[in-house]
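The values are calculated or read from the model by the stated rules, or taken from the named source; none is laboratory data. Fair warning: this is a prediction, and the values are worked out from it, not measured in the lab. Cβ placement follows ideal geometry from the backbone for every residue including glycine, while neighbour counts extend to all protein chains displayed. These accessible areas exclude ligands, DNA and RNA; they are computed on the full protein's heavy atoms, side chains included. Shrake-Rupley method; radii C 1.70, N 1.55, O 1.52, S 1.80 Å.
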Amino acid sequence: MGMKADQEISLDFEGLLSYLRSKTRVFMDVDGHEYYVTHTDGYWRVQDCEQLNDKGRFVDCSELVTTLPELVELPWLDGKSVHDLTDRAVFFESIQEGWEYPGIEPDEVEEPAEE
C-alpha cells in the first residue's frame, strides 16, 4: 500500500498498461472515488481506498487474477473494467517507502504516517 502522489499523471489505456507493467501499482480516481490498482503477492487486483480492513489495508473490490490483461478487462465497478474506465479516470503515482525518485532528495519524499 503506497501513498498517493499529489501530481496527476496523464495515461491513456496503452500508457496505463505500460505504466503498470513497470511500476505495478497506481491510484485511480473515478467519479470522485479513489481506487488502487496493484500487483501484490502474485495477484493483480483493484482496491477501494475508502474502505479499510481490520489490518488498516485497502479492501479488495475486484477478483484477484494472475495477469494484467485479465485485470484490465475484468468487470468490477458496476459492470465496468479498468479498460472501460480509463478515459474518465485520473491517475496518480503510488509513492512507496524506500523507493528512490530521480531528481528528488530523500527528505523531500513524504513518509507514511505511523499508525
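FRET efficiency for the pair Asp29 and Val59, taken as 1/(1 + (r/R0)^6) with r the Cβ-Cβ distance and R0 = 22 Å, rounds to 0.85. With a cut-off of 13 Å, note down the residues of region 1-18 whose backbone N falls inside the zone around a label point 7 Å from the Cα of Glu97 toward its beta carbon. Correct set: 1-3.
With the convex hull drawn over the C-alpha atoms of region 10-59, the volume per residue is 84 Å³. Solvent-accessible area per residue in region 1-59 equals 56 Å², computed with a 1.4 angstrom probe and all protein chains kept. Going by accessible surface with a 1.4 Å probe and the largest first, Asp29, Asp6, Asp12 read Asp6, Asp12, Asp29.
Using a probe of 1.4 Å, the accessible surface attributed to Asp31 totals some 120 Å² when neighbouring protein chains are kept in position.
Close amide H pairs (under 5 Å, H built 1.01 Å from N) link Ser62 with Val46, residues at least 5 positions away or on another chain.
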